[in-house]
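Here the structure comes first, spelled out in structure tokens, and everything after it is commentary.
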Amino acid sequence: MKKAIGASIFYARFALPFSRIGFRRRVGDAGLDADFTGQRWVVSGATGGIGRAIALGAAARGATVLALGRDARKLEALAQESTGTGRIQPTPVDLSLMRDVERVAGDIASGGPVDVLVHNVGVMCHAYRQTAEGLELGFATNLLGHWVLDQGLRRGGALTAGSAIISMSSGGMYGAALDLDALQAADAAHHDGFTAYAQHKRAQVALTHYWNSLGPGQPRAWVMHPGWVDTDGVRSALPGFRKLFRAVLRNADEGADTALWLAANRPDTGEGIWLDRHRDSEHAFGFTRKGAGAGALVARLQSSVAAGASGRGAAPGR
């Protein structure tokens, strides 16, 4: 009953701004006059939905886009679909395995600087699954892999003061205060896919603060969410939600719009999460301000990398 009441309050608060109606009110028919010629982009989760739209949108405006995904055939199909003056470079990688993410980060860095890094990949895992490295699949894919990719690119010199980092969060983070022990469950009995996903998306906000706190000479970072978009992930993970809101869900291009806009305009960084080219508050409810801080999150991510590398599967702190 408590969850049902919470969901009703959440949907009443956000149904309009997160819908296609909200996009039309804030962005409308405004186009994006952007030229990414000569830029090198990295987009994770690029074979479907929002990531695919970002990759195609950047390539159409002149960028070379390193499209990261697990399915080589889908990556090749994406490259063939690309139009415009840029191109898409298929970059196969299993984004749930940290050793594979570290490998691809090194490969990318050896090719030169990255102008725009888009942490887009995300999954909602209702069933508990561990990766071969002993990490919960959603945590590894949605958050830890972002940290490992970023760190690998920084070590390789690919992320510089001129680079932009854009993280694709979710409106679901508005319902979560950052709880480090809820980022990944130790076992199936303690796993809740909805809760974990909201935690990962709230953590992306905190991680963006950390990246922006690193001082001069470092890339700038923004965190955004796309509103409610009719993606394959929504169809498979949230069928009831999709049935209820299908008529007003956004398409992938609408979901991708703010990422492309941020890369082109690079507004001042600071607190806030971006939606429809506007900076919104990170907190809609007071209780979410009481969560863990960015420093504690980074320490947990670092310990999780070490645990995965040594083959230990238990979540730190449990």
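The values are calculated or read from the model by the stated rules, or taken from the named source; none is laboratory data. Everything numeric here is computed off the predicted structure, so don't read it as measured data. With ideal geometry, Cβ positions are generated from the backbone for all residues, glycine too; neighbour counts draw on all protein chains shown.
Key figures
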{"quantity": "Counted residues, the range 272-298 - those being free of Cβ contacts under 8 Å to residues at least 60 places away in the same chain and surrounded by fewer than 14 Cβ atoms within 10 Å (Cβ to Cβ)", "calculated": "2"}
{"quantity": "Any hit, the range 211-225, residues being polar (S, T, N, Q), surrounded by fewer than 18 Cβ atoms within 10 Å (Cβ to Cβ) and at negative phi", "calculated": "yes"}
{"quantity": "Count of residues meeting criterion [closer than 19 Å to S167 by Cβ and polar (S, T, N, Q)] in the range 25-74", "calculated": "3"}
{"quantity": "Whichever residue in the range 74-130 is among the charged types (D, E, K, R) and in a loop (DSSP other than H, G, I, E, B) and, among such residues, is surrounded by the fewest Cβ atoms within 10 Å (Cβ to Cβ)", "calculated": "R129"}
{"quantity": "The range 220-231 residues that are closer than 14 Å to A203 by Cα and of a type outside the set (S, T, Y), paired with ones that are modelled with pLDDT under 95 and outside any loop (DSSP other than H, G, I, E, B) (beta carbon under 6 Å, 6 or more apart)", "calculated": "H225/G171"}
{"quantity": "Any chance A177 is hydrophobic (A, V, I, L, M, F, W, C), in a helix (DSSP H, G or I) and on the phi < 0 side of the Ramachandran plot", "calculated": "no"}
{"quantity": "Residues of the range 240-266 that turn out to be surrounded by fewer than 19 Cβ atoms within 10 Å (Cβ to Cβ) and of a type outside the set (A, V, I, L, M, F, W, C), as a count", "calculated": "8"}
{"quantity": "Matching option when the condition is β-branched (V, I, T), crowded, with 20+ Cβ neighbours inside 10 Å, in contact with a Ser or Thr (Cβ under 9 Å, 6 or more places away or on another chain) and over 25 Å from R25 (Cβ atoms), among T208, T269", "calculated": "T208"}
